[in-house]
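> I'd like to ask some things about the structure below.
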C-alpha cells in the first residue's frame, strides 16, 4: 500500500484571476486527492491536498507550472501526516 501524506502549500505569483483554482481542482480530482484550493487576501493561493505520496508530489509539480496565463514565482509546500479530514477535493470561493 502506498504511503498517505498531506501537504499544505502556498503558491506565490500571478495566480489569481487566471483560473488557477479551477486548474488545481481539476488536477487534484484527476489524481484522486482530497482537500481544497482557495485564494488568499494576499493575492496568493493556498492548497491543501491529501492522498498517496506519489500523487500529491505530482500535484505539487503541477502547482509550480499552473495554467497557461499564470506566472508562478514559487511554491512553498509543508508536508505532514495524512489526516483523512476531507471527503473530496474542492475549490473554495
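Just so it is clear, none of the values below were taken in a lab; they were calculated from the coordinates. Just so we're clear, the structure is a prediction, and the values are computed from it rather than from any experiment. With ideal geometry, Cβ positions are generated from the backbone for all residues, glycine too; neighbour counts draw on all protein chains shown.
> Working only within segment 1-48, note down all residues that are free of Cβ contacts under 8 Å to residues at least 24 places away in the same chain, out of contact with any strand residue (DSSP E or B) (no Cβ under 8 Å at 6 or more places or on another chain) and either part of a loop (DSSP other than H, G, I, E, B) or under 16 Å from residue 84 (Cα atoms) (or both).
Those that are free of Cβ contacts under 8 Å to residues at least 24 places away in the same chain, out of contact with any strand residue (DSSP E or B) (no Cβ under 8 Å at 6 or more places or on another chain) and either part of a loop (DSSP other than H, G, I, E, B) or under 16 Å from residue 84 (Cα atoms) (or both): 1, 17, 41, 42.
> Please enumerate the residues belonging to segment 56-82 that are under 11 Å from the mean Cα position of the chain (by Cα), surrounded by 12 or more Cβ atoms within 10 Å (Cβ to Cβ) and not in a strand (DSSP E or B).
56, 57, 58, 59, 60, 62, 63, 64, 66
> Being buried (at least 22 other Cβ atoms within 10 Å of the Cβ) and touching a helix residue (DSSP H, G or I) at 6+ places or on another chain (Cβ under 8 Å) is the filter; apply it to segment 35-54 and report the residue that is farthest from residue 93 (Cα to Cα).
In this case the residue turns out to be 50.
> Going by the structure shown, is residue 2 farther than 17 Å from residue 92 by Cβ and touching a helix residue (DSSP H, G or I) at 6+ places or on another chain (Cβ under 7 Å)?
yes
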